[in-house]
Amino acid sequence: MATVNISRDGTVTRPMSSGLEVCVNCGYKRGFHVTINTGTGKPMIILVCPDCGTKYDLDWPVNI
């Protein structure tokens, strides 16, 4: 199992190589919503479980 870190705001951080197909919090299996977090200094893509709202930071930077 891949290493999973959870920040104070509830964002789950895990390595991209581990993949993400199922929410580790609630088990939802039908995909994720996408949002962009700009509060870290560089824009990052964050996946959000549409069922429980858990956020996943897979370290995906984006150029805006």
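If the chain between residue 52 and residue 29 were fully stretched, how many nm would it gain, using 0.36 nm times the residue separation less the Cα-Cα distance? All intermediate terms of the calculation are to be shown ahead of the outcome.
Working: separation 23, 0.36 × 23 = 8.28 nm, distance 1.18 nm.
Full extension from residue 52 to residue 29 adds 7.1 nm.
What distance in nm separates the two pseudo spin-label positions at residue 42 and residue 20, each 7 Å out from Cα along the beta-carbon direction?
In this crude label model, residue 42 to residue 20 measures out at 1.7 nm.
Each reported figure results from applying straightforward, stated rules to the coordinates on display, with no laboratory input. Since the model is a prediction, treat every value here as computed from it, not as a measurement. We place every Cβ from the backbone using ideal geometry, glycine too, and count neighbours over all the protein chains shown.
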